1. Which is the longest part of the chain that has none of the trypsin sites (Lys or Arg not before Pro) sitting in a DSSP loop with at most 13 other Cβ atoms within 10 Å?
2. At 1.4 Å probe size, with the rest of the protein present, what percent of the exposed accessible area of segment 76-131 is carbon and sulfur atoms?
3. According to a simple spin-label model (label point 7 Å from Cα along Cα-to-Cβ), what is the distance in nm between Ser13 and Phe85?
4. Testing the spin-label approximation: label points 7 Å from Cα along Cα→Cβ at Gln72 and Arg45. State their distance in nm.
5. Specify which labelled value, from (1) 25; (2) 15; (3) 29, agrees with percent of Cα pairs over 30 Å apart derived from the coordinates of the model shown.
6. Given a Förster distance of 22 angstrom, what is the FRET efficiency for Glu186 paired with Glu213, based on the Cβ-Cβ distance and rounded to 0.05?
7. Mind checking the full-extension length gain between Ile175 and Ala205? Use 0.36 nm per residue of separation minus the Cα-Cα distance, one decimal, nm.
8. Considering amide H positions built from the backbone, and no H for Pro or chain starts, which residues 5 or more places from His195, or on another chain, come under 5 Å of its amide H?
Amino acid sequence: MTTNPPSSATPVSLEAIDLPPRSSATDAPAFAQMVLIHGWGANYRDLVPVAEALGRPSVYYWFPNAPFPHPQVPGGGSWFDLEGFEGVDDSSRLLEQWLLGLESKSGIPLEKTVLAGFSQGGAMSLRVGLGLMPRLAGIVCLSGFWVGEPADNSSDEPLPPVLMVHGRRDPVVAIAYAYQARRKLEEQNVNVQFHEIDAMHEIPAEAIALTSEFLDNLS
């Protein structure tokens, strides 16, 4: 992983784009909203194709933008420095505040929200998602890694289930980082579904299918 110094200016809020539901749910799904967090050097439009591939026209999709500009990619962003994790506290605070205010925009509570992220976004989904109260419906970490603080275990309410999917040939975030994240989650008694697939640093069709299956099985 390479380094990326964040901007010296601390942002005060997150920008986001959304895809409102195109139809109403015909039943009472375990989740009705999904937040997708992009990776290092990308922006909030990067994971829109993932939402389109997942389908689910009754789901409200949200895509927050990283608060720090990328030093090399025009229009790209960063959640934190990849070497020293500088900026991760600011980004985590901003993402948490944004998530806690999401119900006022969509009308959907956190209990029916899934938080998902790719690469650096996957790291953010674990760090922020496990500590949220009320609890999320679930967390998806694609090609991600652990930058976390311990989850908030002060409540009797169980921690949300986590899906991890990682390519064994990933040259950017080595799969050893995924193993480390899985160990950290298991130490906190998180229900982790871990899938090692034959892929590089990407979101292939197999990862989409595994994510869809995970969503189907939420209760």
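1. Free of exposed loop sites, the longest segment is 46-167.
2. That fraction is 45 percent.
3. The answer from the label model is 2.9 nm.
4. 2.2
5. After the calculation, the listed value that fits is (2).
6. 0.60
7. The span from Ile175 to Ala205 would gain 8.9 nm if fully extended.
8. Under 5 Å from the amide H of His195: Met164, Val165, His166.
The values are calculated or read from the model by the stated rules, or taken from the named source; none is laboratory data. All values derive from a computational prediction rather than experimental measurement. Ideal geometry is used to build each Cβ from the backbone, glycine not excepted, and the neighbour counts take in all protein chains shown. For accessibility, only protein heavy atoms count, side chains too; no ligands or nucleic acids. Shrake-Rupley method; radii C 1.70, N 1.55, O 1.52, S 1.80 Å.
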